[in-house]
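The values are calculated or read from the model by the stated rules, or taken from the named source; none is laboratory data. The shown structure was predicted, so the numbers you read here are calculated from the model rather than taken from an experiment. Note that we place each Cβ from the backbone using ideal geometry, even for glycine, and neighbour counts take in every protein chain shown. Heavy atoms of the whole protein, side chains included, go into the accessibility calculation; ligands, DNA and RNA do not. Shrake-Rupley method; radii C 1.70, N 1.55, O 1.52, S 1.80 Å.
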Amino acid sequence: MSKTLYVTTPIYYVNAEPHLGHAYTTIAADVLNRFNILSGRETFFVTGTDEHGDKVVRAAEAAGENPKEYADRISMLFRNIWPELSISNDYFIRTTDEDHKKVVQLILQKVYDVGDIYFGEYGGYYCFGCERFYYEKELADGKCPDHKVAPEFIKEKNYFFRMSKYQDWLIEYIKSHPGFIRPERYSNEVLAFLRDPLEDLCISRPKSRLDWGITLPFDRDYVTYVWFDALINYLTAVGYPDSDLYHKFWPSTQHLIAKDILKPHGIYWPTILKASGIEPYHHLNVHGYWNIDKNKISKSLGNIINPLSLKDKYGLDAFRYFLMREMVFGLDANFSESALVNRLNSDLANDLGNLASRSLAMVIKYFKGGLHKPTGYLEIDERLRSDASKMLEDMINQMSRLAFNKALIAIWGFIAAVNKYIDETSPWTLAKKEDQAGRLNAVLYNIVEALRIITVLLFPFMPSTAEKIWTSLGIKGNLHTQRLDDITEWGKIGETTAVSKIEPIFPRVEG
Ligand code: MSP
């Protein structure tokens, strides 16, 4: 098991303000990051903004600003929104950062020096939304399938990266590294694409047409194609080429993206790395789209949803939970506020909220001074303990495949088991019998112990809710420093706990 994790989100274009689609990937990366910390790994988590290219120039013009001012302003919106969504990134990168420009030029020069960049002429259908050329066969009714506008035919002299040279290597690499691109459907999609001859990649734009970019180190009349520039952010952010951070974290790189940018990440990026003499990333994790009525949520389709308004209306943790629980990583999901309200009321207010409040209320009512570690366990208690360890195993396994929804289903299965345990052991009945004080202590101890395990596992998904429950449980120690090892041992809670009352964590919401 690798001791480190380097997790990245796409760097988002500054032509649109942050919306629910960006929030999903960033929250998923955050959950992955926090879960890996919980698993005892040292992690580095990066997000940022992609600021060069036609698209940004056009957006800046429309806003009546110059590209730099415009990029500064929108980049700040991204930078500022992440703390509001409890995102734990270690670094925020901008492609206009000076150190990034140097790394891009370094890589370009390397690839040029090995003879993998040449000058030539190209004509093709160019979609300004995607910032790439399309083959005719990729278009739907002559239009870009994502942006639903007809691309423009452009012909010009440019520099090309000899990507075709790496086609066989890439096919072989994908086949011999299961999970390199995952889930498998996306690996298959890339392999299907690679069945046709791979064309070389145009990696420059003449300054006469576009000067908002990084100048090519070997020709000052050209800037770097925005994708060649953007992908390299993943190296800049860890201090490539010679920082300790790079050596430590690069081998454990996990990129998170949606399927819209599979081709640049699944084909351009590994071949650029190969040509630069750098090991490919460890995993490319690809998720589907959040849709509304079968249309992708996006600025160009005009159906964006502001994550902050959902946070304000329903609370951050309910929003985070919904996103992670509702989408099967890899497949599309439909967004609706009524689905969010249903999840909030059933999973959060009912299952989790009731478990926490009724358990803590009973401990306060019957054991003001705290609980003692039981001297023995009955069969029903053993069953609860074994449910906990099965859940933990399942949850860890699901998280390793980024199956966030199944990881949550595993936790909720255990929440149901604890609620059942409470009903079956009936602490309120035990409380009425004087000779059952020892048993009542044991039952409540087990319930608090189960809640402790649940709380530690919920922390990556719902940090502030987990904090609230943790504080009420009155357990010594900081929730942030808990590790999986702390919850594999039943009874690590110690001899007594001083439990305090908890306000309803998820009040029900009327849909
Ligand atoms: N700048 C490029 C990425 C360069 S990475 C080296 C880019 N930016 S983007 O602003 O368009 O962001 C695309 C990403 O935003 C998607 O890959 C995904 O992570 C997220 N999403 C945007 N809309 C989304 C949905 N409707 N659904 C799910 N994710 C979405 O592409």
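Quick look at the numbers
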{"read-out": "Mean accessible surface per residue for region 338-487, computed with a 1.4 Å probe while every protein chain stays in place, in Å²", "value": "42 Å²"}
{"read-out": "Trypsin sites (Lys or Arg not before Pro) within region 412-511, DSSP loop, no more than 16 other Cβ atoms inside 10 Å", "value": "Lys432, Lys433, Lys476, Arg483, Lys492, Lys501, Arg508"}
{"read-out": "At R0 = 30 Å, FRET efficiency that the Cβ-Cβ distance of Glu184 and Ser426 yields, to 0.05", "value": "0.05"}
{"read-out": "Nearby aspartates and glutamates by direct alpha-carbon distance to Lys148 (threshold 20 angstrom, same-chain neighbours under 8 apart not counted)", "value": "Asp54, Glu131, Glu136, Glu138, Asp260, Asp293, Asp332"}
{"read-out": "Antiparallel DSSP beta bridges within the chain, as percent of all bridges there, nearest 5", "value": "50 percent"}
{"read-out": "Student exercise, the chain dipole from Lys, Arg, Asp, Glu Cβ charges, in Debye to nearest 20", "value": "900 debye"}
{"read-out": "Farthest toward positive dipole pole in region 275-333 [+1 Lys/Arg, -1 Asp/Glu at C-beta], among Leu284, Ile297, Met324", "value": "Ile297"}
{"read-out": "Average accessible area per residue (Å²) across region 51-202 - probe 1.4 Å, nucleic acids and ligands excluded", "value": "50 Å²"}
{"read-out": "Dipole axis of the chain (+1 Lys, Arg; -1 Asp, Glu on Cβ), positive-most option in Tyr118, Ala410, Trp269", "value": "Ala410"}
{"read-out": "Glu61 - accessible surface, heavy atoms, 1.4 Å probe, Å² rounded to 10", "value": "130 Å²"}
{"read-out": "Dipole magnitude (debye, nearest 20) for region 338-487, charges at Cβ of Lys, Arg, Asp, Glu", "value": "320 debye"}
{"read-out": "Dipole magnitude of region 256-307 about its Cα centre (Cβ charges: Lys, Arg +1; Asp, Glu -1), debye to nearest 20", "value": "140 debye"}
{"read-out": "Accessible area (Å², 1.4 Å probe, nearest 10) - Glu51", "value": "0 Å²"}
{"read-out": "At least 20 Å along the helix axis (C-alpha) and Kyte average at least 1.0, DSSP helices within the chain", "value": "437-458"}
{"read-out": "Surface accessible to a 1.4 Å probe, His372 within the full protein complex, Å²", "value": "110 Å²"}
{"read-out": "Options Leu201, Phe218, Val104, ranked by Cα towards positive dipole end of region 4-326, top entry (Cβ charges)", "value": "Leu201"}
{"read-out": "Net length gained if the chain between Glu382 and Asp485 were fully extended (0.36 nm per residue, minus Cα distance)", "value": "35.1 nm"}
{"read-out": "Computed [θ] at 222 nm, deg cm²/dmol, the chain (DSSP H ≥ 4; -39,500 (n - 2.57); rounded to nearest 500)", "value": "-14000 deg cm²/dmol"}
{"read-out": "Radius 11 Å from Cβ of Pro183, net charge of other residues (Lys, Arg +1; Asp, Glu -1)", "value": "+2"}
{"read-out": "Over region 193-260 - Rg/Rh using Cα atoms and the Kirkwood inverse-distance radius", "value": "1.06"}
{"read-out": "Any cysteine of the chain lacking a neighbouring Cys Cβ under 4.7 Å - listed by number", "value": "Cys202"}
{"read-out": "Pairwise FRET efficiency - Ala498 versus Ser300, Cβ, R0 = 51 Å, nearest 0.05", "value": "0.40"}
{"read-out": "Percent accessible area from carbon and sulfur atoms, the chain, protein chains only, probe 1.4 Å", "value": "50 percent"}
{"read-out": "Gap separating the Cα centres of region 154-231 and region 243-307, nearest whole Å", "value": "14 Å"}
